[in-house]
Amino acid sequence: MPATILVGSQWGDEGKGKITDFLAERADVVVRSQGGNNAGHTVIAGEEEYKLHLIPSGILSEKCLNIVGNGVVVDLEVLLSEMDQLKERGVSFDRFYLSDRAHLIMPYHKILDGLEEEAKGDAKIGTTKRGIGPAYADKVSRVGIRVCDLMDFSEFERKVAQVVKQKNVLLTKVFEKEPLDAAEIIAAFKGLAERIRPYVADTSLLLSEALRQGKNVLFEGAQAVHLDIDHGTYPFVTSSSPVSGGALTGTGVGPTSIDRVLGVAKAYTTRVGAGPFPTELFDGTGEELRRVGGEFGVTTGRPRRCGWLDAVLLRYSVRVAGMTDLALTKLDVLDGFDEIKICVGYRCGEEELTEFPASLARMEGSRPIYETLPGWKTDISGCRSFEELPENAKRYIARIEELTGAGVSVVAVGPKRDQTIVRKEF
Ligand code: GDP
Ligand code: IMO
Ligand code: MG
């Protein structure tokens, strides 16, 4: 496994944390490249469950270097408290680094995330309200505050005072709220700056050194292709680039270093927040998927919307992220179903769509076209090799491969580390 980019293939929560932790055994470096603490990645190691938001899921591996890259937006308070909680559980941060070019989520970003959502009324996106969108917007508007600014505190003070002045106009004149006190914000960051200082580095340099030495580097994606700012169901997306390209710009590594792209796909589909979801089920089957799959958000606790696997959506992800392989997770959740459906197209009036349209208006009123496969009605959570899987489960996997054009190299049959079948070695 030289340099592998791991990408979510649907709308997030596919089990990227579990697969990253599993592959971390073979990796020397695990790096996060985008998103922030809108992510919630679950890792189960032995009897211990960890819910990671900003810390890469390689942190539980003894030898791995863990990096938060420049493309991540960092809520420093959240990062430090996540580190503290993990340290209390015996996790070492000796090999942890934060990019000096990463942007900070500031208090006004969180306030504005809430206010902007409220102002949208019925058109709200259903964000995690962690300040992600406003932080990325400031980065692109060139008024963001970076980790390197914080390391030079007088520069930090100057920039924050300037931006707060601008934000206060927005807060008071547009949203009719109280202004913020820049001095208070600056003071709160003083202590945080000193606590994070030992971990700050030029992480692109660390990565290029590791790659030059032939080390195995795993890029842990957050969110997913259909939440991507360019390729997702815009505007119901996050504000970063979870596709493979984002892993490069978000870490300062060039495309020539990458050997493979592993898409993580759930054996069915879920989505948190608003936006189109063609195969969403509103009946007992949807309820059953939510119950058996434990489909509640790791970050916000919201119930996830559930539905059958959408092969059109998945084929799109394979294409735009250049996925070379798929890791199919939560196959065990389908154990009890008599029949399993796969969406192979959409009926849109008289038209049949075989590709996901750009316009969400076109998606409205269209219905999924399903293919039905027989279930396997067997507990597969104890299977440890592909051969042990029931024939109907193998048939389901083969059909996914045919429909998406990508091979399924990894199959997860439960949340634990050892409940993972590797079909093609990394
Ligand atoms: P991520 O955001 O992509 O890392 O995924 P989440 O952690 O938000 O959600 C995935 C959930 O499914 C977590 O509760 C995992 O423990 C669980 N999970 C991962 N893989 C499997 C699997 O193969 N089977 C089952 N039953 N649960 C799984
Ligand atoms: P992981 O990495 C699922 C969704 C939110 C909302 C939209 C925009 O755990 O898969 P944001 O706060 O990013 O501006 O919200 O994106 N969203 C996720 N959904 N998993 C995630 O991360 C998500 N991160 C953001 O629910 O619909
Ligand atoms: Mg998640």
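Worth pointing out:
- Within segment 33-78, the GluC sites (Glu not before Pro) that combine a DSSP coil assignment with at most 11 other C-beta atoms in a 10 angstrom radius are GLU47, GLU62.
- Model label points for THR354 and THR372, set 7 angstrom from Cα along the Cα-to-Cβ axis, are 2.4 nm apart.
- Cα-Cα pairs of the chain separated by more than 36 Å (percent): 25 percent
- Under a 5 Å amide H cut-off, with hydrogens placed 1.01 Å from N, ILE369 pairs with VAL344, GLY345, TYR346, ARG347 among residues at least 5 apart or on other chains.
- Subtracting the Cα-Cα distance of GLU118 and GLU402 from 0.36 nm times their residue separation leaves 97.9 nm of extension gain.
- In nm, spacing of pseudo-spin labels at SER208 and ASP230 (7 Å Cα→C-beta vector): 2.2 nm
- For segment 22-33, 3J(HN,Hα) computed residue by residue from phi via the Karplus equation (6.51, -1.76, 1.60; θ = phi - 60°) reads 5, 6, 4, 4, 9, 9, 9, 9, 10, 10, 8, 10 Hz, glycine and proline entered as x.
- Amide H contacts of VAL200: LEU98, each under 5 Å away and 5 or more positions distant or on a separate chain (H built 1.01 Å from N in the peptide plane; Pro and chain starts excluded).
- Beta bridge orientation in the chain: antiparallel %, DSSP, nearest 5: 40 percent
- Prolate/oblate/rounded call for segment 103-198, Cα gyration tensor, a/c under 1.5 rounded: prolate
- Largest to smallest in accessible area, the residues ARG319, ARG89, ARG291 fall in the order ARG291, ARG319, ARG89 (1.4 Å probe, all protein chains included).
- Computed label-point distance, nm, for sites SER257 and GLU425 using a 7 Å Cα→Cβ extension: 2.6 nm
- Calculated FRET value between ARG347 and SER154, using beta carbons and R₀ = 56 Å, to 0.05: 0.35
- Surface accessible to a 1.4 Å probe, LYS120 within the full protein complex, Å²: 90 Å²
- In terms of its C-alpha gyration tensor, segment 1-124 has a prolate overall shape, because the principal axis ratio a/c (a ≥ b ≥ c, square roots of the eigenvalues) is not below 1.5 and a/b outweighs b/c.
- Shape category assigned to segment 118-157 from the gyration tensor of Cα positions, a/c cut at 1.5: prolate
- Label zone at ALA161, where the point sits 7 Å out along the Cα-to-Cβ direction: segment 125-146 residues whose backbone N lies under 19 Å: 143-146
The values are calculated or read from the model by the stated rules, or taken from the named source; none is laboratory data. Small disclaimer: the values here were computed from a predicted structure and weren't measured. Here the Cβ is made from the backbone with ideal geometry for all residues, glycine too, and neighbour counts use every protein chain on show. All accessible areas refer to the heavy atoms of the entire protein, side chains included, with ligands and DNA or RNA removed. Shrake-Rupley method; radii C 1.70, N 1.55, O 1.52, S 1.80 Å.
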